[in-house]
Amino acid sequence: MLPEKVEEILNIQIQKEDYSSQLYLAMASWAENKGYEGVSNWLYAQAEEERMHMLKLVKYVNERDGSARIPGIETPPDDFGDVFEMFDKVLAHEKYISGSINEIVAVCIAENDYTTQNWIQWFVTEQIEEEASVKAIIDKLNLVGKNNLYMFDRDIMSMRGGDSEETAG
Ligand SMILES: [Fe+2]
Ligand SMILES: [Fe+2]
């Protein structure tokens, strides 16, 4: 049985992963409208991954005899400035999510829930990878500069690595 506080914070994380998915979907649509095919494909794939994170949490909470709450959809913004600004926002969002995963670890320790503490390590590792991959994209963006966005857009999908293969288990 999940300690109440762990169940609560995991339910909050379900909301955050759901919002992440919607946020990246909004960014994907925005990028698609601007003609960035590669960037939008990257974001559509990212939105799918966030949905898998959400489902992974839902299944875990229910499996441990908790009750997962399915959140309502929060409307994300619809304008992200330019591609540079948008990826800064992606990185800031991933850092925020990493912070909430750390909070979950802290609650698990405080509540002596070593099972969840162990299980949540997958998310700890995932956040390291996500932050690193977004940082690599921002480095590349700065390298190519505003005048070579065509090249950047063409190449971005090749920077996804293997991370999209790892989905909810
Ligand atoms: Fe996530
Ligand atoms: Fe993420």
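The values are calculated or read from the model by the stated rules, or taken from the named source; none is laboratory data. Nothing here was measured: the structure is a model prediction, and the numbers come from that model. Ideal geometry is used to build each Cβ from the backbone, glycine not excepted, and the neighbour counts take in all protein chains shown. The protein model used for the area step is the full one, side chains on, heavy atoms only, and it has no ligands, DNA or RNA in it. Shrake-Rupley method; radii C 1.70, N 1.55, O 1.52, S 1.80 Å.
Just check the range 63-113 against the gyration tensor rule for me: Cα atoms, a ≥ b ≥ c as the square roots of the eigenvalues, rounded for a/c under 1.5, and otherwise prolate or oblate depending on whether a/b exceeds b/c.
Working: a/c = 4.94, a/b = 1.80, b/c = 2.75.
It is oblate, given that a/c is not under 1.5 and a/b is not larger than b/c.
Quick one: length gained pulling Glu129 to Glu37 fully straight, 0.36 nm per residue minus the C-alpha distance?
Values: separation 92, 0.36 × 92 = 33.12 nm, distance 2.34 nm.
Fully extending the segment from Glu129 to Glu37 adds 30.8 nm.
Glu63 versus Ile12, label points 7 Å from Cα toward the beta carbon: distance in nm?
2.4
At 7 Å along Cα-to-Cβ for each site, give me the label-to-label distance between Asn118 and Arg160 in nm.
3.3
Around Leu10, what is the net charge, scoring Lys/Arg as +1 and Asp/Glu as -1 over all other residues with Cβ under 14 Å from its Cβ? It would help to have the intermediate numbers written out before the result.
On the way: positive: Lys5, Lys16, Lys56, Lys59, Arg64, Arg69; negative: Glu4, Glu7, Glu8, Glu17, Asp18, Glu63, Asp65, Glu103, Glu111, Asp113.
Net charge in that neighbourhood comes out at -4.
In the chain, which longest range has no GluC sites (Glu not before Pro) that are both DSSP loop (not H, G, I, E or B) and surrounded by at most 15 other Cβ atoms within 10 Å? Don't skip to the answer; put the middle values down first.
Details: sites that count: Glu74, Glu166.
Of all site-free stretches, the longest is 75-165.
For n ≥ 4 DSSP H runs only, could you compute -39500 (n - 2.57) per run for the chain, divide by its residues and tell me the 222 nm figure to the nearest 500?
On the way: 6 runs with 122 residues, N = 169.
Calculated at 222 nm, the ellipticity per residue is -25000 deg cm²/dmol.
When only Cα pairs under 8 Å and 6 or more residues apart are kept, what is the percent relative contact order across the chain? All intermediate terms of the calculation are to be shown ahead of the outcome.
Values: 178 pairs, mean separation 51.7, N = 169.
That works out to 31 percent.
Determine, from the Cβ-Cβ distance of Tyr96 and Asn147 and an R0 of 41 Å, the FRET efficiency 1/(1 + (r/R0)^6), rounded to the nearest 0.05. Write out the running numbers ahead of the final one.
Working: r = 31 Å, r/R0 = 0.76.
Result of the calculation: an efficiency of 0.85.
What order do Lys16, Lys34, Lys140, Lys135 take when sorted by accessible area (1.4 Å probe), most exposed first? Could you put the intermediate results ahead of the total?
Details: Lys16 40, Lys34 115, Lys140 60, Lys135 90 Å².
From most accessible down to least: Lys34, Lys135, Lys140, Lys16.
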